[in-house]
Amino acid sequence: MRPRLPALLLLAPVLAASTVLGTAATAVTATPAYAAVTIDGPDVSSYQHPDGASINWTKVAAEGHEFAIVKATEGTTYVNKYFAADYSGIRKAGMVRGSYHFARPAYPVGKTALAQAKFYVSHIGNTATTKTLPPALDLEVDGGLSRTALITWAQNFLIDVRNLTGRTPMIYTYPWFWQVALGDAPALNRYPLWMAAYHGSTPDAGATLWQYTAGAKVSGIKGLVDMSKLLADPATFDALADGTVATPWPPAAPGRPVAVKAAPGVGSATVSWLPPDAGTSGITGYTVTIAPADASATARSASIGPMTGKATFTGLTNGAPYSFTVQARNSVGRGVVATPAATVVPQNPTSFAASAPSVMSYGAVARVHGVLRRADTHAPLATVPVTVFTRQRGTSTWHRLGSTTTDAAGAVNVPVTASHNLDVRLNYAGATGMQPASVVKTIWVRRLLSLKASATRFYGRGTPLIGGVQVNLQHYTGGSWHIVARTKTGRYGWYSFARRPAAHYRAVIAPTRAFSRGYSPTLTV
């Protein structure tokens, strides 16, 4: 997929920092006040210049399009060779022009974001002019960055562009990337959103511009082109398209960290979060605090770097509740404090031991015995629920067989019918202050085989019935078994061999995905 072209994010001069853009992919409907008005335009890159063909921007304008956006740069090395001509031609045709940078996020986050911001800004010239849209960031790839690092990279780039140009930049992406790869709308809520959504899908409810197709035909442009339309009040278009109008950017500390969670461990707890709105300066770090502070001194408050997104506290008391706070900071100051929804109770360690027959015959009932104990004191966990799951060996799907409860000794005994090679899992889900535990035992299941003799044949049948499986006839001599004939089971599981001289024989059926190798009783003739 070729890079999409981030275009216009048409909104009021800047969204207030407290405004949170939605993340659900819901339809956006124009209000009656401007439903009949269409403000639209194409966005182009070198793809719209096949074999060096130029774009006739006068024809584009004559068709009634109000704006056009041009790809300027990508990473720190690529410059669109058609950018200067297109950027100038759009304005000469009387249209509003815009530019965008295709992001290549990378580590180290702060350094690469600044380098790309400078590279982009150096190629678009002065944007504080009329008929010129704010700079725009096209964010569609993660560059191998973690989720937190990716969000921080985008924030740093956008802040750097703001500092370099004096204009509040815009951000372009598409639904999956916005909702999953980023999944943190509040972190970017101060930058107007433009979203691509094709083939019957709809943009995010917070989007101001909708790139609704990549297959538009526009006079003056060869081939197909992306097309976008404004979803906001057209009165905001003039303000956003006039770079001489200052946009507010009062100094602001970070907002409240997002999706703050705390997960218990054994004598520990891990707190995780997503970045908040960075404010007007890049986030420099987080302070995570634990209460009560009865852990080691170094664990009471942790200073975390801006790309980490989690902190682990050790030395905690198992079974005791703890609460945590997370606070971001930037060069302006400390931000709003966030807390997880619930306290966290570090867990006492548990262990699950189990035994079961390793090999069973088809149809037999195996008993899986398990014992659940505290791993530190070895005390049994009595009268707690245990769930039993099974799956055919070699597959990935577990099926719930049932549940039981440990006895006073922490033991369970579970009957399992040997219907195929299977894994049996005993699972204890844990409880407040108690660690979950599980154990898996594998039982190999052999088919039942018969072997009989007639005047002319040896014959038999496998149970369960299956056709096309190899069966070997083995002869016992010299202290070991030797293959003397081979065949395959028929449609109903039968097999036969020509009768052989008097001796000891047995049939051996080959293993399959569902069953291990099976043996018949020895036949003496």
Condition check for K229: more than 25 Å from the chain's Cα centre (by Cα), among the basic types (K, R) and buried (at least 16 other Cβ atoms within 10 Å of the Cβ): yes
Among residues of the stretch 378-401, those that are free of Cβ contacts under 8 Å to residues at least 40 places away in the same chain and outside any strand (DSSP E or B), counted: 8
For Y198, which of the numbered conditions (1) touching a residue at least 40 places away in the same chain (Cβ under 8 Å); (2) touching a strand residue (DSSP E or B) at 6+ places or on another chain (Cβ under 9 Å) fails to hold? (1)
Going residue by residue through the stretch 433-449, is there one that turns out to be crowded, with 18+ Cβ neighbours inside 10 Å, more than 41 Å from the chain's Cα centre (by Cα) and not in a strand (DSSP E or B)? yes
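Okay, residues lined up against (1) assigned to a strand (DSSP E or B); (2) modelled with pLDDT of 95 or more:
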position: A278; (1), (2): no, yes
position: T287; (1), (2): yes, no
position: D294; (1), (2): no, no
position: M307; (1), (2): no, no
position: T312; (1), (2): yes, no
position: T317; (1), (2): no, no
position: F324; (1), (2): yes, no
position: A328; (1), (2): yes, yes
position: V332; (1), (2): no, yes
Flagged pairs (Cβ under 8 angstrom, 6 or more apart or on separate chains; first in the stretch 207-220, in the same structural domain as Y174 (by TED's automatic domain parsing); second among the polar types (S, T, N, Q) and assigned to a strand (DSSP E or B)) are L209/S228; W210/S228; Q211/S228; Y212/S228
Mind checking which residues of the stretch 149-184 are among the small types (G, A, S) and crowded, with 20+ Cβ neighbours inside 10 Å? A149, A154
Report whether or not T383 is on the phi > 0 side of the Ramachandran plot and either β-branched (V, I, T) or at pLDDT below 95 (or both). yes
Condition broken by H504, with the remaining ones in (1) within 25 Å of W444 (Cα to Cα); (2) touching a strand residue (DSSP E or B) at 6+ places or on another chain (Cβ under 9 Å) satisfied: (1)
Outside any helix (DSSP H, G or I), without any contact (Cβ under 8 Å) to a residue 60 or more places away in the chain, farther than 19 Å from R167 by Cα and in the same structural domain as F324 (by TED's automatic domain parsing): is that true of I283 in this structure? no
If you scan the stretch 507-525, which residues turn out to be out of contact with any Pro (no Cβ under 7 Å at 6 or more places or on another chain), closer than 26 Å to H420 by Cα and in a loop (DSSP other than H, G, I, E, B)? A510, P511, T512, R513, A514, F515, S520, P521, T522
Please verify whether the stretch 22-40 includes one or more residues that are at pLDDT 95 or above, touching a helix residue (DSSP H, G or I) at 6+ places or on another chain (Cβ under 8 Å), surrounded by 13 or more Cβ atoms within 10 Å (Cβ to Cβ) and of a type in the set (G, A, S). no
Can you report the number of residues in the stretch 461-506 which are on the phi > 0 side of the Ramachandran plot and either part of a strand (DSSP E or B) or buried (at least 17 other Cβ atoms within 10 Å of the Cβ) (or both)? 1
One residue from T247, T208, T202 being modelled with pLDDT under 90, in contact with a Leu (Cβ under 6 Å, 6 or more places away or on another chain) and polar (S, T, N, Q): T208
Checking the condition part of a helix (DSSP H, G or I) and either among the hydrophobic types (A, V, I, L, M, F, W, C) or over 20 Å from D86 (Cβ atoms) (or both), which residue from L145, L164 passes? L164
The stretch 186-195, subset outside any loop (DSSP other than H, G, I, E, B) and at pLDDT below 95, residue surrounded by the fewest Cβ atoms within 10 Å (Cβ to Cβ): L193
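The values are calculated or read from the model by the stated rules, or taken from the named source; none is laboratory data. Just so we're clear, the structure is a prediction, and the values are computed from it rather than from any experiment. In this analysis, Cβ positions are derived from the backbone assuming ideal geometry, glycine residues included, and neighbour counts consider all displayed protein chains.
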